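The values are calculated or read from the model by the stated rules, or taken from the named source; none is laboratory data. These numbers come from a predicted model, not from an experiment. Cβ placement follows ideal geometry from the backbone for every residue including glycine, while neighbour counts extend to all protein chains displayed. Note: accessible area is taken over every heavy atom of the protein model, side chains too, but ligands, DNA and RNA are not part of it. Shrake-Rupley method; radii C 1.70, N 1.55, O 1.52, S 1.80 Å.
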Amino acid sequence: MNNEHLLSVQNLHTSFFTDNGEVQAVNGVSFNLDKGKVLGIVGESGSGKSVTAYSIMRILADTGKIVEGGIYFNGEDISKFSEKQMRDFRGKRCSIIFQDPMTSLNPVFTVGHQLIEAITLHTDKHGDEARKRAIELLTLVGINEPAKRLKQYPIEHSGGMRQRVMIAMALACEPDILIADEPTTALDVTIQAQILELMQNLQKQLGLAIIMVTHDLGVIAEMCDEIIVMYGGRVCERGTADEIFYNPHHEYTKGLLRSIPTLDGERTRLSPILGTPINMLNLPKGCAFCPRCEEAMKICLEEVPEELVINENHKAACWINVRDAKTAGGEENGDE
């Protein structure tokens, strides 16, 4: 196993075993994350992006199980860690911010109680030392009057402030990796921008590696070193932000981009992706996006496409690219 990457997910398959059958939520996902880098995982609800994040943390529901593949942290396969090793990994090595801080924070305890508890559980700080660290963390994430805020309950904080508290809790143990699962979903646009700017500043200041999970390509346009687009539990396309935004090669990625409002002053009708998300209990034999793709070919129904290298920073799993590459190759050969 290559130890150069901080985190390496290899051929990850995660399923949920229900009364109705096996839900194959993640199907062969692979990616690498290096120290100080930001990876974006994008896709609509049910694409498998959050399950991928939860698989890394091993916080799946009771019916969920990693059935194949490996998740390597500094070369060690954490999918084989004992529960004691995972408790060490969670918080100290990798932390997660969930999408709704109101359901993540306990409403009957003060913010200070919950933050100090996280510090004492995962570090050697206790008492006044833990309280001092809590104040430092609240200051770090931009909360005014931190000592006063420690005594307040979550309901006394705005949505943006609650999200900042969650970020402070995630940073309590100075983790190497921060996973942000839709961290701006419940916030208005202005607060979204503030939270994203905060995360960018923390990433640069602390040298964090970040996995940003979102359904909104626009949210991560400026902060990700690499973007992965997922659909039906599989990776459709991956590349730098410039490649994904200005040179998309998968029809699903193109559909996501067409559904983003523009700010160029022109009134244009948004183009939704037609059809409905696939039934994960009954995945198509071929490409998962085929039933909704206007450019689908016969082979799309029959075979799952492999990732095709577009360039050194860009790959796409789409039979249309394979066809176009063959056509271009034939033309070049013909010219010769």
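Values (1) 23.6; (2) 22.2; (3) 21.5 are given for comparison; Kirkwood radius over Cα pairs in Å, derived from the coordinates here, is the one labelled (3). Taking a point 7 Å from the Cα of Q200 along the Cα-to-Cβ direction, the residues of the range 6-46 with backbone N closer than 19 Å to it are 36-42.
Using a 1.4 angstrom probe, figure out how much accessible area the range 144-265 has per residue, in square angstrom, rounded to the nearest whole.
Working: 5050 Å² over 122 residues.
I get 41 Å² per residue for this part.
Taking Cα atoms only, the orientation of helix 189-206 departs from the longest principal axis of the chain by about 80 degrees. Think of the chain as having a plus end and a minus end, set by charges on the Cβ of Lys, Arg, Asp and Glu; of I228, P154, L257, P154 sits farthest toward the positive end of this dipole. Centroid-to-centroid, using Cα positions, the range 108-186 and the range 1-60 are 27 Å apart.
Surface composition of the chain: carbon and sulfur make up 48 percent of the accessible area, probe 1.4 Å.
The solvent-accessible area of F245, taken with every protein chain present and a 1.4 Å probe, is close to 50 Å².
For the range 138-239, averaging the sequence separation of C-alpha pairs within contact (under 8 Å, six or more residues apart) and dividing by the residue count gives a relative contact order of 22 percent. Accessible area ranking (1.4 Å probe, heavy atoms, ligands and nucleic acids excluded), largest first, for I135, I96: I135, I96. Peptide packing for 35-44, 114-123 was compared via the average number of neighbouring C-beta atoms within 10 Å per residue; ordered from the highest value, the list is 35-44, 114-123. Distance between the 7 Å Cα→Cβ label points at A221 and N74: 3.8 nm.
Under the criterion of Cα pairs below 8 Å and six or more residues apart, the relative contact order for the chain equals 19 percent.
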